[in-house]
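Read-outs: derived from the displayed coordinates by stated rules, not from any lab. Note that the structure is predicted; figures quoted are calculated from it, not measured. Note that we place each Cβ from the backbone using ideal geometry, even for glycine, and neighbour counts take in every protein chain shown.
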Amino acid sequence: MLSVALAGKPNAGKSTFYKAATMADVDVGNYPFTTIDANRGVSHVRTRCPCLDLEKRCDNDNCHDGKRYVPVELLDVAGLVPGAHEGRGLGNQFLDELTNADVILNVVDASGGTNEEGEPVEVGSYDPVEDVHFIEEEMDLWLAGIIEGNWETMIRQGRSPEFDFEEALTEMLTGVGASEHDVMAVLRELDYSTDPGSWDDDDREELARLLRERTKPIVVVANKADIAPDENIERLEEAAGHVIPCTAEGELALRQAVEAGVINYDPGDEDFEITGDISGAQEEGLNRIRDVMGEWGGTGVQQSLDESIYDLLDRITVYPVQNETRWTDGQGNVLPDAFLLAENATPKDLAFAVHSDIGEGYLHAVDAREKRRIGEDHELDEGDVVKIVSTAS
């Protein structure tokens, strides 16, 4: 399961975002360090279900009338403050939690209602642009510190005639979520020496920055956009290149209203329908959320998750089936599973994603839409339905 981590300073709304996206029971408070230990839960990204191409919708619990929700892990990390990479505010502990995340959502308080420490201040009095690159810088310096702390060992190893610089560096960096492929790709961007003794602090910091950019891509989420001055959103977009306006509180209110049976709404919708009896005050509150959704195309919570997985990580959704005619598994369930794969994935990649034994026993695959056999090197597309034929049952 792919992992999405929420990061940012205290009181930016990360726990509210987490609760809205998972409906898990977590503490939410208007003060710094409401969260101390990381929260882990399951959220979903949304895509078009292939059952829309069938005569009737599938009965999968993760399909809402053709809106398919694919599980991802969501990690809520405690707030980071300036100096986190040096351990301030338990920062090293919190940065360590991000090690295995595939992508990071930098949740920024777009309203300017919290200072750099996460303490409440008057809305608009703090410049949220200061928080755009804050997470990147803290992660870069944290990673550079880890590299520097292990560099003396690299230098000692370098005295051996059997020393392999790339192999030793890979061994060091797999501990912070980098693969051999990641390390090789980053080294190709650097004019580097294989003698560890010739590297200086600037070299190691550049290595850390490139590695973080590759292994921990970041989406900037402009939370509290519903109460943010208009110019704040514009300035955040200028600083970050692209941000997603968001109201995590609005999404949480909608999700709770769904549970109460008073509205029809699916996460990621641009509007909702009031279906139950509510008070005038409740209707007024829901209409304020509707106005924000009309301006931004939704609350931003689902959009943030979708963009992080489908756009930033370039994932596609593929559906393995056993019966290529009915699109079912062995028990007759229609489109029972959905897998998030890299955009250039092949049928054999899908086979290994389903189970290593199926991958090892891979024989061939069938495109269930076209009812034709496809080659092992065929590149899959978003929404493909595929039957894997394997020696493994």
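Quick check: Cα centre of the stretch 58-73 to Cα centre of the stretch 330-393, how many Å?
One Cα centre to the other: 19 Å.
DSSP loop (so not H, G, I, E, B), at most 15 other Cβ within 10 Å: list which GluC sites (Glu not before Pro) in the stretch 355-392 pass both filters. Don't skip to the end; give the middle numbers.
On the way: sites: GLU360, GLU370, GLU376, GLU379, GLU382; in loops: GLU370, GLU376, GLU379, GLU382.
Loop-located and lightly packed - GLU370, GLU376, GLU379, GLU382.
Quick one, what does Rg over Rh come out to for the stretch 262-393 if you take C-alpha atoms and the Kirkwood Rh? Walk me through the intermediate numbers first.
Numbers: Rg = 20.3 Å, Rh = 17.3 Å.
A ratio of 1.17.
For the charge dipole of the chain, defined by +1 on Lys and Arg C-beta atoms and -1 on Asp and Glu C-beta atoms about the Cα centroid, which residue among THR153, CYS49, GLY13 has the Cα displaced farthest towards the positive pole?
CYS49
Take the Cα atoms of the stretch 221-301, find their three principal axes, and give me the spread along each one in whole Å, biggest first.
43, 22, 16
Restricting attention to the stretch 325-390, which trypsin sites (Lys or Arg not before Pro) occupy a DSSP loop and are surrounded by at most 11 other Cβ atoms within 10 Å?
LYS371
Report the calculated FRET efficiency for GLU234 and GLU119 (r = Cβ-Cβ distance, R0 = 25 Å), to the nearest 0.05. Working shown, then result.
Numbers: r = 25 Å, r/R0 = 1.01.
For R0 = 25 Å, the calculated efficiency reads 0.50.
Post the alpha-carbon centroid distance, the stretch 197-273 to the stretch 126-149, in whole angstrom.
Spelled out, the Cα-based centre of one part sits 17 Å from the other.
With the cut-off at 1.5 for a/c, could you classify the stretch 316-390 from its C-alpha gyration tensor as rounded, prolate or oblate?
Working: a/c = 1.31, a/b = 1.20, b/c = 1.08.
Taking the square roots of the gyration eigenvalues as a ≥ b ≥ c, the stretch 316-390 is rounded.
Report, by chain and number, residues whose modeled amide H sits under 5 Å from the one on VAL42, excluding near sequence neighbours (fewer than 5 apart, same chain).
The list, which skips near neighbours in sequence, is LEU74.
So for the stretch 138-214, considering every pair of alpha-carbon atoms, how many percent are separated by more than 19 Å? Numbers along the way, then the final one.
Values: 769 of 2926 pairs.
Tail of the P(r) past 19 Å holds 26 percent of the pairs.
Report the number of Lys pairs in the chain whose alpha-carbons are under 14 Å apart, with separation of 8 or more residues or on distinct chains. Working shown, then result.
Working: LYS9/LYS224; LYS14/LYS224; LYS56/LYS67; LYS348/LYS387; LYS371/LYS387.
Going through the chain pair by pair, I get 5.
Taking every pair of alpha-carbon atoms in the stretch 196-342, what share in percent sits in each 10 Å bin, from 0 to the bin with the longest distance?
That works out to 10, 25, 24, 23, 12, 5, 1, 0, in percent per bin.
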